[in-house]
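Input: a single structure, listed below in structure tokens.
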Amino acid sequence: MYGPGDVRVEERDEPRIVEATDAIIRLSASCVCGSDLWPYRGIEDLEWPAPMGHEYVGIVEEVGSEVTTIKPGQFVIGSFWASDNTCEICRAGYQSACINRVPMGALGAQAELLRVPLADGTLVATPDLPADDLVPSLLAASDVLGTGWFGAVAAEAGPGKTVAVAGDGAVGLLAVLAAKQRGAERIIAMSRHEPRQKLAREYGATDIVEARGDDGVAAVKELTGGLGAHSVVEAVGTQESMMQAIRSTRPGGHVGFVGVGHGVEVPGMELFWSLVHLHGGPAPVRRFLPELVELIWNRQIDPGKVFDLELPLDQVAAGYRAMDEREAIKVLLRP
Ligand SMILES: [Zn+2]
């Protein structure tokens, strides 16, 4: 990306092993993330030109001399933070805050080849080479599924719970799937877009709320006997969405916030009186990857349905445009 709205495809030097713990993978698929739209829309500044992309699946080409578990020829998935998976923070399940973490976005996964630092800690291999129709779902696990899953976990979605999800992007839709998998009794998807409502229902939503802001809060309360939901996933990152999430949660309930916050300020006094739990941040996707890969491999979940547009990598600019204009939920790129 050369600046807001300016995405180009160009030849760069092939990535090579830099650290002995690196792997080089040849990407089978990559994609455009909702968070890539922040710089695209000029809301977040990068150092231009910036390599883009942090979601990836592919086949290992080469590994450094200290890599022991990942082997050339394996099909692998990793998260948007490379992590050692051995430090105290990783072992507690917060690999996205690993003390040795490396942001994959800076390396640029919207590409043919990618260097993955800390390969043993970061990458999870599938049992075998996947069938082609599993690739989109495995790619979804790299970020949007893992992030939606963390949102549902942070919101403590589970049996007997009513879960509301604010945000109908790929992460919000997959938070619906996660809540369903975790046994939630009732799932309220907040969306005003018909195709997204349909997918939300396929993924397990029992109710759809079209209203936003205070009207959206009132609608969730109406569906929950005036109490609010037990669990609310916030998957947008705006002030309106965050406050809607907090206000839709009943006292004692949990908000899992996974939308990257831009200009969000939570009033302390309102938070004090709300009696809700807040937990969120950049999802520790690596914690969930083994479980998610298994669910996908056994065809128990189909998160790849969030990709409603597939383009060759050299048309990536059209992919950004389609997501920016909300013509596509999520764009899959084939290098
Ligand atoms: Zn770590």
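Starting from the Cα of E19, move 7 Å in the Cα-to-Cβ direction to define the label point; list residues of the stretch 95-137 whose amide nitrogen is under 12 Å from there. Taking a point 7 Å out along Cα→Cβ of E19, the residues of the stretch 95-137 whose backbone N falls under 12 Å are 98-104, 116-122. Between the helical axis of 213-223 and the longest alpha-carbon principal axis of the chain there is an angle of about 70 degrees.
When the solvent-accessible area of the stretch 1-51 is split by element, carbon and sulfur atoms take up 43 percent of it, the probe being 1.4 Å. Evaluated at q = 0.12, 0.15, 0.17, 0.27 Å⁻¹, the base-10 log of the normalised Debye intensity for the stretch 265-335, with identical point scatterers placed on the Cα atoms, takes the values -0.62, -0.81, -0.87, -1.09.
Which of rounded, prolate, oblate describes the stretch 147-232, given a ≥ b ≥ c as roots of the alpha-carbon gyration tensor eigenvalues and a/c under 1.5 marking rounded, otherwise prolate only if a/b is larger than b/c? Judged from the Cα gyration tensor, the stretch 147-232 comes out oblate (a/c at least 1.5, b/c at or above a/b). Helix-only mean residue ellipticity at 222 nm, the chain, DSSP H runs n ≥ 4 weighted -39,500 (n - 2.57), per residue, nearest 500. What is it? When only DSSP H runs of four or more count, the value is -8500 deg cm²/dmol.
With q set to 0.16 Å⁻¹, the log10 of I(q)/I(0) for the stretch 38-120, from the Debye formula over equal scatterers at the Cα positions, is -0.69. Bridges between two residues of the chain, per DSSP, are antiparallel at a rate of about 45%.
Consider all pairwise Cα distances in the chain and report the whole-number % of them above 31 Å. Above the 31 Å cut-off, the chain has 29 percent of its Cα pairs. From the cross-link list K180/K305; K161/K305; K161/K198; K198/K305, which pairs have alpha carbons spaced over 19 Å apart? Check vs 19 Å cut-off fails for K161/K305; K161/K198. Backbone phi angles across the stretch 280-289, fed through the Karplus curve with coefficients 6.51, -1.76 and 1.60 (θ = phi - 60°), yield HN-Hα couplings of x, x, x, 5, x, 4, 4, 4, 9, 4 Hz in residue order; Gly and Pro are listed as x.
Remark on the stretch 219-331: Rg and Dmax equal 17.8, 51 Å (Cα only). Here's the picture: charge each Lys and Arg Cβ at +1 and each Asp and Glu Cβ at -1 in the chain, and of G319, A229, T126 the one pushed furthest to the positive end of that dipole is A229. For the stretch 226-277, what % of the accessible area comes from carbon and sulfur atoms, probe 1.4 Å? So the carbon and sulfur contribution to the accessible surface is 67 percent.
Taking amide H positions as modeled 1.01 Å from N, with prolines and chain starts lacking one, the residues under 5 Å from H254 and 5 or more places away or on another chain are S231, V232, H277. Only residues of the stretch 132-169 count here: report those whose backbone N is under 18 Å from the spot 7 Å along Cα→Cβ of E294, or say none. Backbone N within reach: 138, 141-142, 146, 149-150, 153.
Per residue, the accessible area of the chain comes to 43 Å², computed with a 1.4 Å probe over protein heavy atoms only.
The values are calculated or read from the model by the stated rules, or taken from the named source; none is laboratory data. All figures in this text were calculated on a predicted structure; none of them were measured in a lab. Cβ coordinates were reconstructed from backbone atoms using ideal geometry, including for glycine residues, and neighbour counts include every protein chain displayed. The protein model used for the area step is the full one, side chains on, heavy atoms only, and it has no ligands, DNA or RNA in it. Shrake-Rupley method; radii C 1.70, N 1.55, O 1.52, S 1.80 Å.
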